[in-house]
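Contents: one structure, followed by commentary.
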Number of protein chains: 2
Amino acid sequence: MKKQAIGFIDSGVGGLTVVKEAMRQLPNESIYYVGDTARCPYGPRPEEQVRQFTWEMTHFLLNKDIKMLVIACNTATAVALEDLKKKLAIPIIGVILPGSRAAIKATKNNRIGIIGTEGTVNSDKYKKMIQSKDLLTSVNSLACPKFVPLVESNEYRSSIAKKIVAETLKPIKNKKIDTLILGCTHYPLLSSIIQNVMGDSVTLIDSGAETISEVSTILDYFNLAELSENKEVSERKFFTTGSTHMFNDIASQWLGDEALDIEHIKLGTEKI
Amino acid sequence: MKKQAIGFIDSGVGGLTVVKEAMRQLPNESIYYVGDTARCPYGPRPEEQVRQFTWEMTHFLLNKDIKMLVIACNTATAVALEDLKKKLAIPIIGVILPGSRAAIKATKNNRIGIIGTEGTVNSDKYKKMIQSKDLLTSVNSLACPKFVPLVESNEYRSSIAKKIVAETLKPIKNKKIDTLILGCTHYPLLSSIIQNVMGDSVTLIDSGAETISEVSTILDYFNLAELSENKEVSERKFFTTGSTHMFNDIASQWLGDEALDIEHIKLGTEKI
């Protein structure tokens, strides 16, 4: 029987860090990914617009009969998850709760830091989530608006990247945090630079890896997981609203696969 | 409003390693724990008996209006989880899937080891779970029947314990595993000795800590989590079929709390 895919949506290529973990931890699953590269970044956009764009990607994937949706974008999770949860009949997961949970699990001194886009940081969702679970944990947030463009322009290993990361993180370095949530799915591509700046004593939380554990939990809970017995091939399809060439450059390198199935699509016609 | 508790059941004190993580990661939750110390260990018992005992503990907690049940015992999870899932209207979670998932996430060389009771190892549940998710991962299991009595008798830090652990683990030491699942909730009390014997290159998976992440996921998914806004005190109640004195010795030390609310109970009258 043909496998129903898990759908992933993101403002661009950042969600590929989540997909990479899905391919590793859940090799039996089919994956459809939509990256709205043409309209990236989402971080500085008004909430209403992010909600509309998120709905357009979701609608596109629902038409492809996905069995579950992962909002692999912190900005979109912050503004659209609750609304989508009410609208969809399939399970839906964002990246903020898994990241918050993993940070609570990891911290020893109850001081957690969060870096993300302006949209994510202004929404204050991480802080609210963490403190709704543990009031005694302190939370420091920092918006890093320059990080996403670095990744999307494939500059994330350059010396410019090192300089920008070091300068941007200064305000959070003296907060005595022992755990830092990479609150944007683009940031794991910068993780070795971020680790270097923050020092080895700070645990970085990759919300992508954590989110996939939760995807697996929910799939099992609802008996939706693909088992090894199903010999049907696991499909991986990537859809981008931007240049397939640019998308392929980053995706093939990040996922370690030269022959990705990437298709250009247009969004923007579906009303919320 | 009074908080509905999460119920935890175990053959004895082993499940307290799961409760400790629950108290740390989910401080807002009320917890009821049943340890069937009088009939511990479950490992060598016939499946039918373990299923019956598990049902008796579950029935006891259902009468106390729990909102979720955690089978904090690998042996009981292996034989009773599927059956209980069909019978109960509340969410129920075992420790085998969370441990399997965490091991798949952690392994780099796709070679996972599992130690557990005879019951758990003979059921082959871990191997089946892991390979149903990733056929290419090799799995080596080893029964360690002497470990639970060491913990239940409060001998888990003695030189005898060191000797027994070193001898027992010999057969799994040369399997080139990089990840070892502590497939019994008693074993985290022996974890520093086990880590010492296995060496630093082997990642130990504490199914308890992993299970609590999944409990948190499911609570959030079904909007059952207690939030910090609810100022009602989180209750912690412990019920044991054995000696409250012996239970208190281990529990107060392990949970770092001198004033535990422990009550002796009798089980064995409820039919499955």
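The values are calculated or read from the model by the stated rules, or taken from the named source; none is laboratory data. Please read these numbers as outputs of a predicted model, since none were measured by experiment. Note that each Cβ is placed from the backbone with ideal geometry, even for glycine, and that neighbours are counted across all protein chains shown. The accessibility values were calculated without ligands, DNA or RNA, using every heavy atom of the protein model including side chains. Shrake-Rupley method; radii C 1.70, N 1.55, O 1.52, S 1.80 Å.
Being within 15 Å of the chain's Cα centre (by Cα) and outside the structural domain of A:Glu226 (by TED's automatic domain parsing) holds for only one residue in A:Ala106, A:Ala80, A:Ala102, A:Ala76, and it is A:Ala102.
Every residue in region B:1-37 that is out of contact with any strand residue (DSSP E or B) (no Cβ under 6 Å at 6 or more places or on another chain) and charged (D, E, K, R), please. Those that are out of contact with any strand residue (DSSP E or B) (no Cβ under 6 Å at 6 or more places or on another chain) and charged (D, E, K, R): B:Lys2, B:Lys3, B:Lys20, B:Glu21, B:Arg24, B:Asp36.
Of the strands (runs of 3 or more DSSP E) contained entirely in region A:1-120, those carrying at least 2 residues that are more than 14 Å from chain B (Cβ to nearest Cβ) and farther than 24 Å from A:Ile193 by Cβ fall at A:6-10, A:31-35. Taking the conditions exactly as written (surrounded by 12 or more Cβ atoms within 10 Å (Cβ to Cβ), within 14 Å of chain B (Cβ to nearest Cβ) and over 18 Å from the mean Cα position of the chain (by Cα)), does A:Leu260 satisfy them or not? No.
Looking at the structure I just gave you, is A:Ile212 in contact (Cβ under 8 Å) with a residue 60 or more places away in the chain, out of contact with any Asp or Glu (no Cβ under 6 Å at 6 or more places or on another chain), buried (at least 22 other Cβ atoms within 10 Å of the Cβ) and closer than 19 Å to A:Ala102 by Cβ? No, not satisfied.
For region A:151-165, the set of residues classified as open to solvent by 10 Å² or more (accessible area, probe 1.4 Å) and either touching a residue at least 40 places away in the same chain (Cβ under 8 Å) or within 23 Å of A:Thr107 (Cα to Cα) (or both) consists of A:Glu152, A:Asn154, listed by residue number.
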